[in-house]
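Structure first, commentary second.
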Amino acid sequence: MIILGIESTCDETGATVVENGRKVLSNIVSSSVKLHNKYKGIVPEIAAREQVRVIIPVVNEALAKAFGSIRSNNSYKFGCHIDAIAVSYGPGLIGSLLVGVETAKTLALIWKKPLIPVNHLIGHVYANWLTVNSSQLTEKNREPLTMNHEPMFPAVALIVSGGHTDLLLMTDHMKFKWLGGTLDDAAGEAFDKVARILGLGYPGGPKVERIARQWTMDNGQWTIKLPRPMIDSNNFDFSFSGLKTAVANLVHSSQFTVHSREEIAYEFQKAIADVLVTKTINAAKRFNVREILLGGGVAANSVLRQQLTDHCRGLNIPVKFPPVDLCIDNGAMIAAAAFFNRKIQSPQKLQADTSLYFAPTKI
Ligand code: KG4
Ligand code: ZN
């Protein structure tokens with residue numbers, strides 16, 4: 001079954017062709033991140049206007065790469081190779097969501113193909129089912145993947161993105177129980193805000209990671225101690241706004257001259273990883289799971305990936321995370337989630353849903 005996955009919930013516009021929920025045939029992502037840089041955060045109107053401009057070329061390119069010549073500028077003829085269209089319909093920014101959802105609805109009607117709506121957050125979990133051949137990956141991605149097997153159930157999934165931090169228990173395909181989540185800032189949001197405090201620009205995660213690595217390489221003496229919020233709480237909730245405030249207080253205090261930005265970035269990143277890893281492992285032990293899955297933009301963070309892998313090795317629980325390209329928003333994860341949950345919706349009925357979320361009841 002060949003699914004075209006369309007993703008446009010925030011600043012990325014993605015279109016991907018995926019076979020049987022696993023094999024990525026093409027993966028095109030266009031990001032408007034540079035346009036937002038001078039505003040130090042996403043401007044929803046700018047993101048949506050850019051998505052209106054690029055969505056058709058992105059879909060065209062994904063189809064052309066999967067089925068034909070890259071030079072082809074009329075990829076609509078490739079519609080006959082698609083069995084279904086999947087689209088993330090929330091949560092996200094309303095203007096951005098509308099671009100993807102309306103495009104997917106239109107293509108489904110023109111091509112007479114089934115339309116499968118996907119929760120963007122569930123999509124991040126399903127990035128772990130994708131297999132890619134290394135020529136489809138950018139240089140930074142050619143790291144060895146942790147495990148090459150398909151995820152096993154029951155699993156604990158940690159979704160860490162710019163807008164969400166959630167721990168889920170996954171007992172089967174599309175069977176999720178929400179264990180807990182952030183009470184305030186999401187992990188990615190904390191990275192973005194700390195990057196802004198440190199004058200690093202947007203998006204914050206990769207920038208904080210880059211200067212933190214500088215500190216490690218310098219082998220400096222590490223003297224700052226930031227809080228690890230809620231690390232010992234007997235639940236699966238998180239809180240990162242106090243950690244961000246602790247960084248702001250440090251930067252605005254006289255101590256800032258003593259500590260470099262690199263050192264602060266290093267300790268901040270370590271604090272986030274410590275909390276995420278501790279809670280995820282607690283959940284894995286409590287529910288006796290056979291797999292730990294990581295997903296979302298922050299899952300691209302190498303310290304988080306390494307720390308989780310190291311801790312789980314001792315416990316004998318395999319950890320899976322997608323290659324970096326597939327942690328950041330993309331259409332492939334949407335197509336994969338759709339394959340394992342073929343809940344078809346009529347194009348006339350599908351609506352973008354900005355506040356789509358997991359069931360509020362905890363396990
Ligand atoms: O999943 P995503 O692409 O979009 C949302 O659904 O929000 O995640 C974007 C978030 C941003 O907050 C970005 O700073 C963070 O992921 N991020 C990272 C890294 N790469 C992206 N955070 C930490 N380390 C990274 N390497
Ligand atoms: Zn996302």
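Worth a mention:
- The criterion of being within 14 Å of ligand 1 (Cβ to nearest atom), touching a helix residue (DSSP H, G or I) at 6+ places or on another chain (Cβ under 6 Å) and in contact (Cβ under 8 Å) with a residue 24 or more places away in the chain does not hold for V251.
- Inter-residue pairs, beta-carbon under 7 Å, first part of a helix (DSSP H, G or I) and in region 292-306, second near ligand 1 (Cβ under 6 Å from one of its atoms) and of a type in the set (S, T, N, Q), 6+ apart: G297/S161; V298/S161
- Within region 186-267, helices (runs of 4 or more DSSP H) holding 2 or more residues that are within 22 Å of the chain's Cα centre (by Cα), surrounded by fewer than 20 Cβ atoms within 10 Å (Cβ to Cβ) and not assigned by TED's automatic domain parsing to the domain that holds L121: 204-218
- Residue match in region 220-227 (condition: modelled with pLDDT under 95 and under 30 Å from H36 (Cβ atoms)): yes
- Taking region 307-347 as the range and being assigned to a loop (DSSP other than H, G, I, E, B) and more than 16 Å from ligand 1 (Cβ to nearest atom) as the test, the residues that pass are N316, I317, P318, F340, N341, R342, K343, I344, Q345, S346, P347.
- Qualifying residues in region 294-315 (those that are within 11 Å of ligand 2 (Cβ to nearest atom) and in contact with a Phe, Trp or Tyr (Cβ under 8 Å, 6 or more places away or on another chain)) - the one nearest to F268 (Cα to Cα): V298
- Single condition V289 does not satisfy, out of (1) in contact (Cβ under 8 Å) with a residue 60 or more places away in the chain; (2) farther than 23 Å from E189 by Cα; (3) in contact with a Pro (Cβ under 8 Å, 6 or more places away or on another chain); (4) assigned to a helix (DSSP H, G or I): (4)
- T171 being part of a strand (DSSP E or B) and of a type in the set (S, T, Y): yes
Conditions tested, residue by residue: (1) under 21 Å from I82 (Cα atoms); (2) assigned to a strand (DSSP E or B); (3) modelled with pLDDT of 95 or more.
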{"site": "T9", "(1), (2), (3)": "no, no, yes"}
{"site": "A15", "(1), (2), (3)": "yes, yes, yes"}
{"site": "V24", "(1), (2), (3)": "yes, yes, yes"}
{"site": "K38", "(1), (2), (3)": "no, no, no"}
{"site": "E50", "(1), (2), (3)": "no, no, yes"}
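- In region 89-114, the residues that are surrounded by fewer than 24 Cβ atoms within 10 Å (Cβ to Cβ) and in a strand (DSSP E or B): G90
The values are calculated or read from the model by the stated rules, or taken from the named source; none is laboratory data. Just so we're clear, the structure is a prediction, and the values are computed from it rather than from any experiment. A quick note on method: Cβ atoms are made from the backbone with ideal geometry, for glycine too, and the neighbour counts reach across all protein chains shown.
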